[in-house]
Structures are given as structure tokens and as C-alpha cells.
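Notes to accompany the following structure.
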Amino acid sequence: MRTLPLTLAAALAATLLLTACDDGKTGADDAKNADPANGSACAIGDLGVEVGAGAAPAAGDTGNVTVTLTNQGAQCTLKGFPSVDLAAEDSTTSVSPEEGAKAQPLTLRKGGTTSFTITYVRGEAGSAKSLAVRKASFTLPGAPEDAHDLTWSYGEVARRDGSGSGGAAQASVSGFESSGD
């Protein structure tokens, strides 16, 4: 029982320590200090892409796949949501934006970063009520012809309506989030 308070105290201390490392700049500065009128749509070819996952360990659990984008080109603007598709061998389903999410324009200067998260419910392996996803692909608003593919190694994704083939995946995508420098 004593480990819970110690664990909680350690987590709080780590959080405070990490916030103390702030240099006074935030990723939001990329958006606030930029002139959106001069920013063109961001192109995938000008962005570095990194993927980090908090995979769902078992059927019914929720997992997150965070995609971090770093602008390696000229200043650009993201207006809208990323478009995400999950592909299995025999079907592809589009992922809807998170319920209630509102897209905010975000301007990235060279070297600026942003991220978005795909949240999904893990499906039961081999079940008709799951989508055996092998690949995820995404495009950016303003550049729908420019797709970036990701190998999906996070297990099957449950279908939204619990039905067999043809049901949409239990997954959503967040808007773009400002990232720190």
C-alpha cells in the first residue's frame, strides 16, 4: 500500500522536473509568431515523420499512435485535420476526427514541430468483428495527393458497430497539436 503514495510522489516530481526544463518558447510560438497569410500548405516531402506508439496490449484496450512532424522546408500552414486511412488486405476504412474536435490553423516555421494522434480500440485477432490492419496512410490538409504510409504493427482494430466486414474501424484522429522546441 505504501508504494502507491511513493509512486504518485515520484510521478509528480518527474512532472515538475520536466516543466522546469522549459526554455520559455513553446510550439504554440510557431503558430502565434507566424504570418498565416504568407504560409502555404505543408507538404509531406518537406516534413520529417516520426511515429511513437502506446499500443493496446489486448482486445478491447485503447491504443494511441502519435505521429510527429518536423518542418524541414519553408514556413507552411496546416488548416484542417490529417486524413488517415487504415488498410487491411481486402478493405480500407477512413478514420474520422475525434468527436467534438475542432481544427485550428497551425503555421510551422522551419524546424517547427507538430503532432497528431490516432486512437484505436484493439480488436480480437482473427475475428470478423476486427479489421486486420497492415498499413496506415495519412495526408495533410491542402495536399491530399501526397500520402505517407506507415506499417501498422499494433494489432487488429475493432470495428465500430461490432459487425463483420464492411464496418468502420473504432478509431479516431486528433487535430494537429503544437509541440515544444
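Only one entry of GLU99, GLU50 meets the criterion of being modelled with pLDDT under 95 and either more than 14 Å from GLU177 (Cα to Cα) or in a strand (DSSP E or B) (or both), and that entry is GLU99.
Taken as a whole, the range 54-61 holds no residue that is more than 20 Å from SER153 (Cβ to Cβ) and touching a residue at least 12 places away in the same chain (Cβ under 8 Å).
The number of residues in the range 94-132 being surrounded by 14 or more Cβ atoms within 10 Å (Cβ to Cβ) and within 30 Å of SER40 (Cβ to Cβ) comes to 18.
Being at pLDDT below 95, farther than 15 Å from TRP152 by Cα and surrounded by 16 or more Cβ atoms within 10 Å (Cβ to Cβ) is a property that holds for GLY39. When the residues of the range 64-93 are filtered to those that are within 11 Å of the chain's Cα centre (by Cα) and in a strand (DSSP E or B), the one that is farthest from ALA125 (Cα to Cα) is LEU69. Within the range 147-170, residues that are crowded, with 17+ Cβ neighbours inside 10 Å and at pLDDT 95 or above sit with their Cβ atoms under 9 Å from residues that are outside any strand (DSSP E or B) and of a type in the set (S, T, N, Q), at 6+ positions apart or across chains, in these pairs: GLU156/SER127; VAL157/GLN170; ALA158/SER127; ALA158/GLN170.
Taking the criterion of being more than 20 Å from VAL49 (Cβ to Cβ) and either touching a Pro at 6+ places or on another chain (Cβ under 9 Å) or in a loop (DSSP other than H, G, I, E, B) (or both), would at least one residue in the range 105-120 satisfy it? Scanning the range 105-120 turns up at least one residue that is more than 20 Å from VAL49 (Cβ to Cβ) and either touching a Pro at 6+ places or on another chain (Cβ under 9 Å) or in a loop (DSSP other than H, G, I, E, B) (or both).
The values are calculated or read from the model by the stated rules, or taken from the named source; none is laboratory data. None of these values were measured; they are calculated from a predicted model. Because the Cβ atoms are built from the backbone with ideal geometry, glycine has one as well, and the counts that use them run over all protein chains shown.
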